[in-house]
1. Could you grab the pairs with beta carbons closer than 7 Å, sequence gap of 6+ or different chains, first residue in the stretch 153-164 and more than 18 Å from residue 115 (Cβ to Cβ) and open to solvent by less than 10 Å² (accessible area, probe 1.4 Å), second one assigned to a loop (DSSP other than H, G, I, E, B) and modelled with pLDDT under 95?
2. How about the stretch 57-102: which of its residues are aromatic (Phe, Trp, Tyr), within 26 Å of residue 28 (Cβ to Cβ) and within 17 Å of the chain's Cα centre (by Cα)?
3. Residue 2 - would you say it is open to solvent by 40 Å² or more (accessible area, probe 1.4 Å) and in contact with a helix residue (DSSP H, G or I) (Cβ under 9 Å, 6 or more places away or on another chain)?
4. Filter the stretch 4-33 for residues that are assigned to a loop (DSSP other than H, G, I, E, B), touching a strand residue (DSSP E or B) at 6+ places or on another chain (Cβ under 6 Å) and under 17 Å from residue 120 (Cβ atoms) and give the result.
5. Within the stretch 77-93, how many residues are open to solvent by less than 40 Å² (accessible area, probe 1.4 Å) and part of a loop (DSSP other than H, G, I, E, B)?
6. Could you list, in sequence order, the residues of the stretch 34-46 that are touching a strand residue (DSSP E or B) at 6+ places or on another chain (Cβ under 6 Å) and among the hydrophobic types (A, V, I, L, M, F, W, C)?
7. For the structure I just gave you, tell me whether residue 96 is open to solvent by 60 Å² or more (accessible area, probe 1.4 Å) and at negative phi.
8. Check the stretch 210-230 and report whether any residue there is closer than 30 Å to residue 84 by Cβ and modelled with pLDDT of 95 or more.
Amino acid sequence: MTTRQLVVQGGGGFLMEKGSALDRHFLSVTGKPNPRVCFVGTASGDAESARYKFYEAMAGLDCRATHLSLIAPPTADLASFVFEQDAIYVGGGNTRTLLAVWREWGLDTALRAAYERGVVMGGISAGMICWFEHGVTDSIPGALTALRGLGWIAGSACPHYDGEAARRPAYRRMVADGTLPAGYAADDGAALHFVNEALAEVVVSRPRANAYRVERGTDGALETPLPARTLA
């Protein structure tokens, strides 16, 4: 049976730091010695700066890097393109826009089919939120809001838990009042590895980074730190 894997980061990796252990870990999950990895920068409007950071980081690792832009698609057959990859890494930015554009192009369906075939999925920030049923997002100017995602992983998600001052209190409040279901929060430098939609492991690249299970309690949100393995 094909193993479905998803590795999501609260923050960190090549978009936020150089030589990140999280990047090496993401590639290792494929189990391939020289995996084909594709960067999808839809959430940032396919910004060249993000794409440059991706290629710069991957040049120092054992992999074959490419990218998928929906501004200038490489082919009309997006499904075949993503099926050729070993891993898909989704960058940060506007999650609401990412979901709308993917649905317009049918990329959400193509990615799901690739995921079912064993292509590793993952990403950072918007690339964390999008896979869950719900998330907390800054896609709309103003206060953080709840957003419905693709629903591959049950519950809700919150990235940048320690990196952005408004994230933790907003997520705790939304879970406590029922706006969002229970879910997972990840600090910058922390990644959650799901296997067949169940959390298998948390890995961190920074000493104080962690991930948490956040649930509704009798007196507000109940936040439980998850066991984490520090990457070399």
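1. If the second residue must be assigned to a loop (DSSP other than H, G, I, E, B) and modelled with pLDDT under 95, the pairs left are 159/11.
2. 89
3. So residue 2 passes the test.
4. 29, 30
5. At the first step, the residues of the stretch 77-93 found to be open to solvent by less than 40 Å² (accessible area, probe 1.4 Å) are 78-79, 81-82, 85-93.
Checking the rest, the ones that are also part of a loop (DSSP other than H, G, I, E, B) come to 85-86, 91-93.
Counting residues in the stretch 77-93 that are open to solvent by less than 40 Å² (accessible area, probe 1.4 Å) and part of a loop (DSSP other than H, G, I, E, B) gives 5.
6. Scanning the stretch 34-46 gives 37, 38, 39, 40.
7. Answer is yes for this residue.
8. no
The values are calculated or read from the model by the stated rules, or taken from the named source; none is laboratory data. Since we're looking at a predicted model, the values are computed, not measured. Virtual Cβ from ideal backbone geometry, glycine too; neighbours counted across all protein chains shown. Heavy atoms of the whole protein, side chains included, go into the accessibility calculation; ligands, DNA and RNA do not. Shrake-Rupley method; radii C 1.70, N 1.55, O 1.52, S 1.80 Å.
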